[in-house]
Amino acid sequence: MTFLKRAKVLRSQARSLHPFGWSIIMGTCFILLLIMAGTSGYMLLEKWRFIESLYMVIITLSTVGFMEVKPLSDTARVMTMLIIFGGVGAFFYLGGSLAQMLVEGKFQNILGRRRVQKIIGKLTGHYIICGYGRIGKVVAQGIQNEGLDVVVIENDKDSLAQLGQDKILYIEGDATKDGTLLSAGLEKAKCLIAALSEDADNVFVTLTSRQLNPKIMIIARTDVESHVSRLKQAGADNVFMPYNIGGLRLVQSVLRPTATSLLDLAMRGDINLQMEELPVSKHSEFVDKLVKNSGIRPRFDILIVGIKKSSGEMVFNPGPETIINEGDLLIALGKPENLQKLQRVCDPAA
């Protein structure tokens, strides 16, 4: 990212996070620029000393009514009038911003958002969810229930109030803007879920996020099957269709009610059973071992449902002669405490 583009992103980020603070900064900068320009003008036009020129600008801006330092030429009088108009306008602008902050209770809100931003700035490997609608809310609460860090990007006032009640970290802003995504810690996040209501917004968020962080995992939502290919072309690793998934689950509930009920119970945590993905590192004792010689079933009482090989091949219900290699992903089913023990063996350095 070039310096100019980075500066533009930071400016957009500052304006979206602190609109009133940005107004005060801009007003203050304008007054300082006015002082510098006026001082330089008196020195050039009237040949005054620096202290005389600065003094003239200050008493002009403050409108205290003191006498002029020295008689002014017509050109200098025109410049003095411009300084007065510019100064009065800038002071009114600053006063209005401060009054609005006080009336709307923005001071407390700004302090609170700063604390939240500091917390988000320290996160690494967290999950970013764009949109806190029906889908986003379920996803956010599900990830948070797993003890993982979640940051939600939302700009709807009702949804923001709900996020505060649910005690979920959030960024108020437009998820399609670079500055908002960076404020949510996109550069250090593990995964981004684009769950906005409009497919066009999800495509834009996916495309922008992939450019800002090429390594991040992106999962996008769509309601139209023809948009799946567009989202994948934009950079999404996976695309889900809520209505399609819901319909398939309904079909399974009708045709295989017992099996579906068992999966639902496991997903909700109503039974002490969980499915987990466990990566096999180079330090694991399972590397280059056959499944039957790994001792996973007798040692941990865990069932290996499948193995995703480092090449991308998926081996379902691996037989006893299947070899476990470095970089494989074990899909295991068992009790949470046993899965934690197996995870420590699969990746001792974690």
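Count of lysine pairs in the stretch 174-324 with Cα atoms under 30 Å apart, counting only pairs 8 or more residues apart in sequence or on different chains? Here the count comes out as 27.
Taking other Cβ atoms within 10 Å as a rough exposure proxy, CYS29, CYS130 sort from fewest to most as CYS29, CYS130.
According to the Kirkwood relation over distinct C-alpha pairs, the hydrodynamic radius of the stretch 272-346 is 12.0 Å. On the beta carbon distance between THR258 and ILE323, with R0 = 25 Å, the FRET formula returns roughly 0.15.
Highest GNM mean-square fluctuation, the chain, Cα pairs closer than 10 Å: which of ALA189, ALA175, ALA161? Maximum fluctuation in the GNM of the chain, among the listed residues, is at ALA161. Database remark: amide H of LYS289 closer than 5 angstrom to the amide H of ILE324 (H placed geometrically; neighbours at sequence offset of 5 or more, or on other chains; Pro and chain starts carry no H). Restricting the GluC sites (Glu not before Pro) of the stretch 37-73 to loop positions (DSSP other than H, G, I, E, B) with no more than 14 neighbouring Cβ atoms within 10 Å leaves GLU68.
Annotation for the stretch 151-237: GluC sites (Glu not before Pro) lying in DSSP loop with at most 16 further Cβ atoms inside 10 Å of their Cβ are GLU198. Against the chain, whose longest principal axis comes from its Cα atoms, helix 3-17 is set at around 90 degrees. With neighbours defined as other Cβ atoms within 10 Å of a residue's Cβ, the residues PHE30, PHE66 order from fewest to most as PHE66, PHE30.
Considering the stretch 192-324 at the alpha-carbon level, its Rg and Dmax are found to be 19.0, 51 Å. Considering only GLY87, GLY327, GLY185, the Gaussian network model of the chain with Cα springs below 10 Å gives its largest mean-square fluctuation to GLY327.
Note on VAL88, VAL254, VAL345: ascending count of other Cβ atoms within 10 Å places them as VAL254, VAL88, VAL345, the fewest first.
Applying 1/(1 + (r/R0)^6) with R0 = 35 Å to the Cβ-Cβ distance of LYS309 and GLU198 gives a FRET efficiency near 0.40. Orientation-averaged projection of the stretch 123-240 equals 6.3 nm² [convex hull of Cα atoms, one quarter of hull surface area]. Note on the chain: Cα convex hull, mean projected area over all directions, 25.7 nm². Each peptide in 305-317, 116-128 was scored by the mean count of other Cβ atoms within 10 Å over its residues; highest first, the order is 116-128, 305-317.
For the stretch 202-244 versus the stretch 308-350, the spacing of their alpha-carbon centroids is 28 Å.
We did not get these values from a lab; they are worked out from the coordinates using the rules stated. Remember, it's a predicted structure, so these values are computed and weren't measured experimentally. Ideal geometry is used to build each Cβ from the backbone, glycine not excepted, and the neighbour counts take in all protein chains shown.
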